[in-house]
Every structure is written in structure tokens, then in C-alpha cells.
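A short worksheet on the structure shown next.
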């Protein structure tokens with residue numbers, strides 16, 4: 001029995017379980033956040049500013065992780081992050097004025113993108129990378145992303161819960177506040193899984209003044225490119241996409257929840273496909289040649305004259321746009337040394353978070369000016385530029401498994 005429990009609570013399985021809980025929570029929060037803010041009387045521009053504050057705050061937290069992650073136990077840092085998620089949910093359920101909400105978004109763990117922009121991600125990447133051989137690394141990250149995406153799809157369905165609560169006599173604002181309480185409870189449960197990861201203090205060789213060493217140049221180049229991708233993605237974070245669907249086509253919460261469930265399902269099953277495809281054409285090629293068609297689909301959705309066409313193109317985008325997630329994570333972990341992995345994961349995430357933080361406010365301004373399609377067109381164009389630059393700069397930089 002003890003052996004079975006030990007096998008079930010491997011570090012990788014604990015990370016998978018915590019990722020599932022967190023992505024489930026992030027997904028319903030990303031959809032409910034604009035509804036909550038609009039119900040409180042705030043404008044689309046103010047919604048965009050809250051999303052910007054959340055992403056910018058995540059960037060600062062991730063910078064801290066990058067600076068200290070190479071010198072502290074990853075398990076301890078994950079537990080602190082889980083406690084912070086609990087505090088964020090409790091605070092959001094209690095606040096209704098704009099400035100406190102803005103402050104909570106900035107200092108908390110709330111994720112308006114319902115994706116991989118989170119202080120948890122670089123820590124989990126480092127734990128998974130140290131537990132996985134090179135040949136299994138991409139598959140491990142594909143499974144990690146698959147579990148997160150499936151949980152996110154279910155979280156999209158859960159966003160319809162306030163509609164169900166209103167039928168039982170609760171008002172919508174109270175129902176949404178209860179969902180933030182659920183967010184806090186899921187953070188607590190995730191922390192229990194993190195607590196099962198064995199503590200592993202860093203070795204003495206990591207006690208260096210700089211957390212990055214021989215791989216500094218390649219990490220800087222990747223970080224610059226990832227920042228462009230993230231800046232583009234910030235124009236189409238899930239909260240803003242939900243806002244567009246609410247305002248452009250008057251979708252209800254229930255309809256939006258079902259739609260985001262299916263986008264999550266499509267994204268989820270694209271991850272194992274990405275892992276298999278990368279074995280045939282390589283990690284960089286997989287990132288680029290799946291990303292470009294997804295950007296084209298986003299642009300077509302923005303210009304679609306009907307709800308059916310818009311949702312169709314967005315579903316195509318969902319099936320392709322996230323295939324670079326496990327491959328990108330695997331690639332970063334592959335081209336740096338083991339001692340640099342926690343720092344590399346953080347320092348490639350930081351510019352993503354910082355760059356993504358700038359664009360939601362710009363998108364909100366465009367929404368407020370009734371240029372609702374422009375954020376998605378800008379997103380698509382910039383992402384295609386990123387893909388072409390990534391292919392040019394890194395097509396010859398191979399991970400170990402591709403050099404055999």
C-alpha cells in the first residue's frame with residue numbers, strides 16, 4: 001500500500017494534479033472577471049487595465065522566482081505560491097471597489113489569460129525537467145499541458161455556474177464572489193499536492209552570484225522573442241476574447257462557458273500531437289508551422305460577419321495555437337544546463353509576462369473606441385512576425401535528442 005501511495009504521489013504527478021486544479025480555477029476566473037467588472041459598472045478600458053495589472057504583477061513575482069529559485073527549494077516556493085493563490089481568491093471575493101480590485105490583480109495570482117502566464121509555471125517546469133530524461137522530456141511537457149488544458153476546458157464550463165445559481169435565487173454578483181471563494185479553495189488543495197513533493201535543497205554548485213551562466217546568450221535571445229509573442233497574445237487574452245463575444249454577439253455566460261470548454265478540449269488534444277510531430281520535424285519547426293495557421297484563423301475570426309463563422313475560426317485557432325506550449329517549454333529546458341533550468345524558465349517567462357501586461361490595456365482602449373476587431377488583427381500579425389524570427393534565429397540550434 002505504501003508503495004502504491006509513493007508511486008501515485010511522484011513529484012511529476014503532484015505537479016500534474018496542482019496544475020489541473022489551478023488551470024480549472026484560472027479558466028472560470030478569466031471568463032467571469034470581465035462579467036464581474038462590467039456588472040460593477042466599470043468600462044471595457046478598466047477591464048483591460050485590470051488584466052494588465054494582473055499580468056504585470058505576475059511578471060514581478062516571476063522575476064523574484066528567477067533571482068532566488070536557483071538557491072531555494074522549489075517545493076517551498078510552490079507552497080508559498082499556493083498560499084498566495086488562496087489569499088488572492090479570498091481578497092477578490094471581498095472587494096467591489098475598483099482600486100482594491102486593481103491592487104489585488106497586481107499583487108495576486110489571478111490569471112486573465114487562463115494559460116501559462118503564471119508564477120507557478122517556471123517552478124513546475126524546473127521540477128519536471130529534473131525528473132525527466134531528455135528523450136521523454138517533450139512527452140512529459142505535452143502531458144503536463146494536456147492535463148492543464150483539459151482542466152481549463154472544464155473550468156470554462158464551470159463559468160456558467162453563476163447562471164445556475166441565479167435560478168436558485170442568488171444574485172449574479174454574489175454568485176461570482178462565491179466562485180472566487182472556490183478559486184481560493186482550489187489553491188489550498190493544490191498546496192496540499194505540492195506538499196507531497198520531496199524537499200530537495202539546491203546543491204552547492206548552484207550557490208553562484210548569477211543564476212545564469214553558459215546559456216545566458218541563448219536565454220536572452222529566446223526571452224526577447226518570447227516577449228514579442230506574449231505582447232501579441234496580450235491583445236487576445238481569454239478575458240478580452242470573452243468580452244468581445246459578449247459585446248459583439250451577445251453571448252450568455254452559459255454559451256461562452258460551453259464554447260471555451262470546446263476550445264480547451266481542442267487545445268488539450270493538440271499537445272500529444274505536438275509531441276509526436278516534434279519527433280518528426282523538430283521542436284522549432286513544430287512551434288512555427290502550427291502557430292502561423294492559428295494566427296491566420298484568429299484574424300479571420302475577427303473579421304467574420306456572423307457568430308457561426310467567428311466561433312468556427314476560433315475553434316480552428318484553439319486546435320493549433322497551443323501546440324507550441326509543450327514544445328517551447330521542452331526546448332528551453334533542453335538548450336540550457338541542468339543548473340540553469342529554474343533560472344532559464346523564470347527569465348524566459350518574465351519578459352512574456354511583462355510584454356503581455358502592456359497589451360490588454362491597449363486592447364481595452366481599442367474596445368472602448370469601438371475598434372473591437374483590431375486587437376485580434378494586431379495579435380495575429382505580431383505573432384506571425386515572431387514565428388518567422390524564431391525560425392530564422394533558432395532552426396539550427398538543436399536540443400540533445402535531435403542531434404543523435
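The table for this structure:
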item: Number of positions in region 73-115 that are closer than 19 Å to residue 346 by Cβ, free of Cβ contacts under 8 Å to residues at least 60 places away in the same chain and in a loop (DSSP other than H, G, I, E, B); result: 1
item: Residue match in region 250-271 (condition: within 20 Å of residue 389 (Cβ to Cβ) and within 20 Å of the chain's Cα centre (by Cα)); result: no
item: Qualifying residue in region 263-270 (condition: under 25 Å from residue 222 (Cα atoms), modelled with pLDDT of 90 or more and in a helix (DSSP H, G or I)); result: yes
item: Sole exception among (1) in contact with a helix residue (DSSP H, G or I) (Cβ under 9 Å, 6 or more places away or on another chain); (2) in a helix (DSSP H, G or I) for residue 118, by number; result: (2)
item: Residue within region 323-335 that is outside any helix (DSSP H, G or I) and surrounded by fewer than 24 Cβ atoms within 10 Å (Cβ to Cβ) present; result: yes
item: Matching residues, region 28-58, being within 20 Å of the chain's Cα centre (by Cα) and farther than 16 Å from residue 175 by Cα; result: 47, 48, 49, 50, 51, 52, 53, 54, 55, 56, 57, 58
item: Unique match (being farther than 21 Å from residue 251 by Cβ, at pLDDT below 90 and either surrounded by fewer than 18 Cβ atoms within 10 Å (Cβ to Cβ) or over 18 Å from the mean Cα position of the chain (by Cα) (or both)) among 169, 148; result: 169
item: Residue tally, condition on the phi < 0 side of the Ramachandran plot, assigned to a loop (DSSP other than H, G, I, E, B) and out of contact with any helix residue (DSSP H, G or I) (no Cβ under 8 Å at 6 or more places or on another chain), over region 142-169; result: 1
item: Flag for residue 306 being at negative phi, buried (at least 24 other Cβ atoms within 10 Å of the Cβ) and modelled with pLDDT of 85 or more; result: no
item: Qualifying residue in region 242-252 (condition: more than 21 Å from residue 374 (Cβ to Cβ), in a helix (DSSP H, G or I) and at pLDDT below 95); result: no
item: Any chance residue 364 is in contact with a helix residue (DSSP H, G or I) (Cβ under 7 Å, 6 or more places away or on another chain), on the phi > 0 side of the Ramachandran plot and in contact (Cβ under 8 Å) with a residue 12 or more places away in the chain; result: no
item: Residue that is closer than 30 Å to residue 331 by Cα, touching a helix residue (DSSP H, G or I) at 6+ places or on another chain (Cβ under 9 Å) and surrounded by fewer than 24 Cβ atoms within 10 Å (Cβ to Cβ), where the choices are 268, 274, 236; result: 268
item: For residue 370: the one exception among (1) under 27 Å from residue 119 (Cα atoms); (2) free of Cβ contacts under 8 Å to residues at least 24 places away in the same chain; result: (1)
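Residues are listed down the side, and each one gets a yes or a no for (1) closer than 24 Å to residue 62 by Cα; (2) in contact with a strand residue (DSSP E or B) (Cβ under 9 Å, 6 or more places away or on another chain); (3) modelled with pLDDT under 95:
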{"residue": "340", "(1), (2), (3)": "yes, no, yes"}
{"residue": "346", "(1), (2), (3)": "yes, no, yes"}
{"residue": "358", "(1), (2), (3)": "yes, no, yes"}
{"residue": "367", "(1), (2), (3)": "no, no, yes"}
{"residue": "386", "(1), (2), (3)": "yes, no, no"}
{"residue": "394", "(1), (2), (3)": "no, no, yes"}
{"residue": "399", "(1), (2), (3)": "no, no, yes"}
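The values are calculated or read from the model by the stated rules, or taken from the named source; none is laboratory data. Remember, it's a predicted structure, so these values are computed and weren't measured experimentally. Cβ coordinates were reconstructed from backbone atoms using ideal geometry, including for glycine residues, and neighbour counts include every protein chain displayed.
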